[in-house]
1. Cβ-Cβ distance below 8 Å, separation of 6 or more or different chains: which pairs start in segment 121-137 with a residue that is touching a residue at least 60 places away in the same chain (Cβ under 8 Å) and at negative phi and end on one that is loosely packed, with under 15 Cβ neighbours inside 10 Å and in a strand (DSSP E or B)?
2. Does residue 168 satisfy the condition of being loosely packed, with under 13 Cβ neighbours inside 10 Å and touching a strand residue (DSSP E or B) at 6+ places or on another chain (Cβ under 8 Å)?
3. Go through segment 163-187 and give me each residue that's part of a strand (DSSP E or B), free of Cβ contacts under 8 Å to residues at least 40 places away in the same chain and within 13 Å of residue 143 (Cα to Cα).
4. Against the condition more than 21 Å from residue 37 (Cα to Cα) and in contact (Cβ under 8 Å) with a residue 60 or more places away in the chain, how does residue 90 come out, does it pass?
5. Does segment 134-149 hold any residues that are more than 20 Å from residue 162 (Cα to Cα) and buried (at least 18 other Cβ atoms within 10 Å of the Cβ), and which are they?
6. Restricting attention to segment 117-140, which residues are at pLDDT 95 or above and over 21 Å from residue 72 (Cβ atoms)?
7. Step by step: first the residues of segment 36-48, then only those that are modelled with pLDDT of 95 or more and outside any loop (DSSP other than H, G, I, E, B), then the one that is surrounded by the fewest Cβ atoms within 10 Å (Cβ to Cβ). Which residue is that?
8. Do you know which of the residues in segment 100-114 that are touching a strand residue (DSSP E or B) at 6+ places or on another chain (Cβ under 6 Å) and either in a helix (DSSP H, G or I) or touching a residue at least 60 places away in the same chain (Cβ under 8 Å) (or both) is surrounded by the fewest Cβ atoms within 10 Å (Cβ to Cβ)?
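The values are calculated or read from the model by the stated rules, or taken from the named source; none is laboratory data. Quick caveat: nothing in here was measured; it's all calculated off a predicted structure. Cβ placement follows ideal geometry from the backbone for every residue including glycine, while neighbour counts extend to all protein chains displayed.
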């Protein structure tokens, strides 16, 4: 499961997970050997976890961004949006996990303009926004999307910034964590 808001973060008043089990499909759970984008064997779809009291810590400590961020409106409720936002703090990235059965959901209003705005804000903060459309990953930049193809969830995404006469141009690439090219990029 991806890193998310900590369990200490307050849930937005009036919000609950009731009726939403998208995280049980979209996220991988190491403790359960559950891959991302498949339903958890312990999920009663649309109802909740059948092992709730004994669920692994990575599940117990997870809240999607809609649950803890009051700036995300009702259109971001994962069960309705068919996608979910989480945060990967160590990689300084916002993750949009899209239900493979509704792979184009993120490209439609009202979500796409908001995703673009979140991507710009992430860049300003030295991070980036990554959309997972199934196993396919896209980095959202101010002027375009960059398809990274099928990458592993631990891939290191590097955003480059080039000054041009027309302003700043961004690009993105993904590398395996042990790729020797990363050392040169970080220096």
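1. Listed by first residue and then by second, the contacts come to 135/150.
2. Working: loosely packed, with under 13 Cβ neighbours inside 10 Å: yes; touching a strand residue (DSSP E or B) at 6+ places or on another chain (Cβ under 8 Å): yes.
Against the criterion (loosely packed, with under 13 Cβ neighbours inside 10 Å and touching a strand residue (DSSP E or B) at 6+ places or on another chain (Cβ under 8 Å)), residue 168 qualifies.
3. The first filter runs over segment 163-187 and keeps only residues part of a strand (DSSP E or B), leaving 163-164, 167-175.
Subsequent filtering for residues that are free of Cβ contacts under 8 Å to residues at least 40 places away in the same chain retains 163-164, 167-169, 171, 173-175.
Within segment 163-187, 167, 168, 169, 171 meet the criteria.
4. Values: more than 21 Å from residue 37 (Cα to Cα): yes; in contact (Cβ under 8 Å) with a residue 60 or more places away in the chain: yes.
Criteria met by residue 90.
5. So in segment 134-149, the residues more than 20 Å from residue 162 (Cα to Cα) come out as 134-137, 149.
Within segment 134-149, just 137 meets the criteria.
6. Within segment 117-140, 137 is the sole residue that qualifies.
7. Going through the qualifying residues, I end up with 44.
8. Taking segment 100-114 first, the residues touching a strand residue (DSSP E or B) at 6+ places or on another chain (Cβ under 6 Å) are 103, 105-106.
Keeping just the survivors that are either in a helix (DSSP H, G or I) or touching a residue at least 60 places away in the same chain (Cβ under 8 Å) (or both) gives 105-106.
Values: 105: 16, 106: 23.
Ranking the candidates gives 105 first.
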